[in-house]
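Structure first, commentary second.
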Amino acid sequence: MRIAQVAPLYESVPPVLYGGTERVVSFLTEELVRMGHDVTLFASGDSVTNARLVAISDQALRLDPKCEDQLAHHVLMLERVFSEKRNFDIIHFHIDYLHFPLSRREKVVNVTTLHGRLDIPDLQPLYQVFPEMPVVSISDSQREPLPNINWQGTVYHGMPRDRYPVFEGTGKYLAFLGRISPEKGLDQAIEITKRAGMPLKIAAKIDKADQKYFDDVIKPLLDNHLVEYVGEIGYPEKFDFLGNAAALLFPIDWPEPFGLVMIEAMACGTPVIAYPYGSVPEIMKEGVSGFIVPDAQSAAAAIKNVDKIDRKKCREYFETRFTSARMAEDYLAIYQRVIKGQAAPIPHSEGALGWTKSA
């Protein structure tokens, strides 16, 4: 199959540091190439891939000090993609709705994975105008604000089976990994570590938009002997950071569409302690991959039980649901159906895993 993957240009594919969407695009692209498909990747010029790379910008836009208008580069990318439309059986977009007007007018076979939150009022009129656009969710819970758009299926993110080593032992610290912003719950993670009396290591980036939040809310909380701010990290640092932790804290306060860091931790055999919002009840398996808790007090209590999580079984759970091979197979099934014009969604062999607040 001739497949185009169209990635955001904010980070390279794969990203050097933070960048969940671009990392997933990389895992999918490389797996499709491994499976023998003819794949073209539209991405930043510093991307690394075994597919044919069409470089749009010289480097990832977030790390380019000369870039002032990121949208301009994405418009150029769309022009390049559609100039090559005859070279592809299907074009897989990862740039939200930016291509919708062109895809409609050019009548290309396409599908879009929606990687972000959908509970934004501005999206309602947009999808009313473009109801035919075939889209894929990354969790069933992500669909809730827009249940009636043209969903083709839910495909959970996946990672290479052997990329993450399994670590043994229980770990001596708690980990927080990702991005510092109000919805990610770092303030809750610090509260949890204080209640538990266990050290917390924070490896996270700060976007310009969140700098004031960091300065006003988070920075004062770092003045505690239990809390260590490591900064933004990449690979292979992530392996040791997650693998040597007693648990990953994921105390989110928003409808998380997926949460890649959860399965990164599971791949290392590290249990996750998470709040029950968004995709968490789908991605987690209570007592196997960690614990789902309602608040900081319950999280601190759960930390006392992390040694009861079998790290090998946690890793096995990752392998059964969240590998890049499984992800690629799910997407190929959707590609084939979209190319044939078939509309029936692909049901999951496992439904969403329920969570109920304990008494």
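Bear in mind these aren't lab numbers, they're just calculated from the coordinates by the rules spelled out. Treat the numbers as computed from the prediction; the structure is a model and nothing was measured. Virtual Cβ from ideal backbone geometry, glycine too; neighbours counted across all protein chains shown.
A cut-off of 5 Å between modelled amide H atoms, ignoring neighbours fewer than 5 places along the same chain, links Asn110 with Ile91. Panel order for Ser137, Ser57, by other beta carbons found within 10 Å of each beta carbon, from fewest to most: Ser57, Ser137. For region 5-14, backbone phi angles converted through the Karplus equation (6.51, -1.76, 1.60; θ = phi - 60°) give residue-by-residue couplings of 10, 10, 9, x, 9, 5, 10, 6, 10, x Hz, Gly and Pro being listed as x.
Put simply, the amide H of Val227, placed in the peptide plane, has neighbours under 5 Å in Leu200, leaving out anything fewer than 5 places away on its chain.
For the chain, the longest principal axis of the C-alpha atoms and the axis of helix 186-196 are separated by about 30°.
For Lys308, the aspartates and glutamates whose Cα falls under 16 Å of its own Cα, not counting residues fewer than eight places away in the same chain, are Glu168, Glu286, Glu316. 3J(HN,Hα) couplings calculated from phi for region 274-282 with the Karplus curve 6.51 cos²θ - 1.76 cosθ + 1.60 (θ = phi - 60°) are, in sequence order, 9, 7, x, 10, x, 7, 3, x, 7 Hz; Gly and Pro show x.
Spin-label model, Asp119 to Gln70: label points 7 Å out along the Cα-to-beta-carbon direction sit 2.3 nm apart.
Within the listed set Arg86, Arg117, Arg321, the residue fluctuating most in the Gaussian network model of the chain (springs between alpha-carbon atoms under 10 angstrom) is Arg86.
Our estimate of slack between Arg2 and Arg163, defined as 0.36 nm per intervening residue step minus the Cα-Cα distance, is 55.3 nm.
Site pair Arg179 and Val288 shows an inter-label distance of 3.0 nm when each label is modelled 7 Å from Cα along Cα→Cβ. Annotation: amide H-H contacts under 5 Å for Asp58 (H modelled 1.01 Å from N, sequence separation of 5 or more, or interchain): Gly45.
Quick one: Glu30, Glu191, fewest Cβ neighbours within 10 Å first, how do they rank?
Ordered by Cβ neighbours within 10 Å, fewest first: Glu191, Glu30.
Couplings for region 29-45, taken from phi via the Karplus curve 6.51 cos²θ - 1.76 cosθ + 1.60 with θ = phi - 60°, read 4, 5, 5, 5, 5, 4, 7, x, 7, 8, 10, 10, 10, 9, 6, 6, x Hz in order; Gly and Pro are left as x. For the chain, adding -39500 (n - 2.57) for each run of n ≥ 4 DSSP H residues and dividing by the number of residues yields -9000 deg cm²/dmol at 222 nm.
When a/c is below 1.5 the answer is rounded, else prolate if a/b is larger than b/c, else oblate, so apply that to region 213-311 with a ≥ b ≥ c taken from the square roots of the Cα gyration tensor eigenvalues.
Rounded shape, in that the Cα axes give a/c under 1.5.
Using a cutoff of 8 angstrom between alpha carbon atoms and counting only pairs six or more residues apart, the relative contact order for region 174-318 works out to 24 percent. Ordering Glu286, Glu31 by the number of other Cβ atoms within 10 Å of each residue's own Cβ, fewest first, gives Glu286, Glu31.
The lysines whose alpha-carbon is closer than 18 Å to the alpha-carbon of Lys208, local same-chain residues fewer than 8 away aside, are Lys66, Lys184, Lys219.
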